[in-house]
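Structure provided below as structure tokens; questions to follow.
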Amino acid sequence: MATILHKNPGKWTNRVLIGTPMTGLVRSEWMTARYGQTIPTNWSHIEVMNWMSAYIPLGYQVADAENIIAKQVVEHNFEWLLFIEHDNVLPPNTFVRLNQYMISGKVPIVGALYFTKSDPPEPMVYRDFGKGYYADWKLGQKVWVRGLPFGCTLIHGSIIRALWEEAEPVTINGTETRRIFRYPEDRFTDPETVNPLDYLMTSGTSDLQFCKEVVEKRIFEKAGWPEYQKKKYPFLVDTSIFVKHIDMNGTQWPTALPRKFAQGKATLRSCLI
């Protein structure tokens, strides 16, 4: 990895790190959207690789790659971490919209809207764990939730640093970091069961596990965001940042926006189903 040498006399030496966990295979649509972004004035993102404005670990499990990215956030004192996953096609004004959140500094974690790769498509907007998606919103609205995915998500560095302080050390392919992100894969026996050899399993994704732990470990409070610790729904999904979810065949999901999420005449009619 290239050494980060960028410095300036401001409060933050490094403003935003763009992290992309990936297998190494991406569609051309993703590349065009990612590197065709409108860059806000005085944006200041970091050149970690000499041909990419990002830090991109290849060949890792997603959670492991996220932990390697977190190490960079902590060691180089980044103000913000922006996750962009390798199968999310961003609208061209994504950085411009996210820059407003960075400038205001009022929301510690905000994600874009995207849907599952399925028919019918389901929005990845979650109010309650284990109860499916939340549907009471219209395209363009800001929706407060209890869980969101990492396809396009902005996280304040103070959240990562607070988690880092409590996380266990781990070595991933020779890189020493800490386990901030993990898959919730647990196996345990039920003390009430008749057969002690029977066991239960839980599983899920690292992004929703992250959201759960941020609340349960009181990370908002420890990171200097006490007002968010009190919120029932502390994470924000900005549905005006409408990201497409692309598969390796080039299909972008949703293939059309379900009508129940349309915002009247303001929604493009060609996107409706």
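Values quoted throughout were computed directly from the atomic coordinates according to the rules given, and no laboratory measurement underlies them. As the structure is a prediction and not an experimental result, all values here were calculated from the model.
Roughly how far apart, in whole Å, are the Cα centres of the range 103-127 and the range 65-81?
22
Oh, and also: Pull up all non-local amide H partners of HIS76: gap of 5 or more, or a different chain, and H-to-H distance under 5 Å with H placed in the peptide plane.
Answer set, sorted by chain and number: none.
Among LYS117/LYS230; LYS131/LYS231; LYS117/LYS232; LYS106/LYS232; LYS106/LYS244, which pairs are too far apart, with a Cα-Cα distance over 24 Å?
On the way: LYS117/LYS230 33 Å; LYS131/LYS231 19 Å; LYS117/LYS232 28 Å; LYS106/LYS232 17 Å; LYS106/LYS244 26 Å.
Going by Cα-Cα distance, LYS117/LYS230; LYS117/LYS232; LYS106/LYS244 fall outside the 24 Å limit.
In addition: So what J values fall out for the range 26-36 if you push phi through Karplus, 6.51 cos²θ - 1.76 cosθ + 1.60 with θ = phi - 60°, rounded to Hz, Gly and Pro as x?
9, 7, 4, 4, 5, 4, 4, 5, 5, 9, x
To continue, here is another question. Per residue of the range 93-99, what does 6.51 cos²θ - 1.76 cosθ + 1.60 with θ = phi - 60° give for ³J(HN,Hα)? Whole Hz please, x for Gly and Pro, Karplus curve as stated.
Karplus values, whole Hz, x for Gly and Pro: 9, 4, 5, 4, 5, 5, 4.
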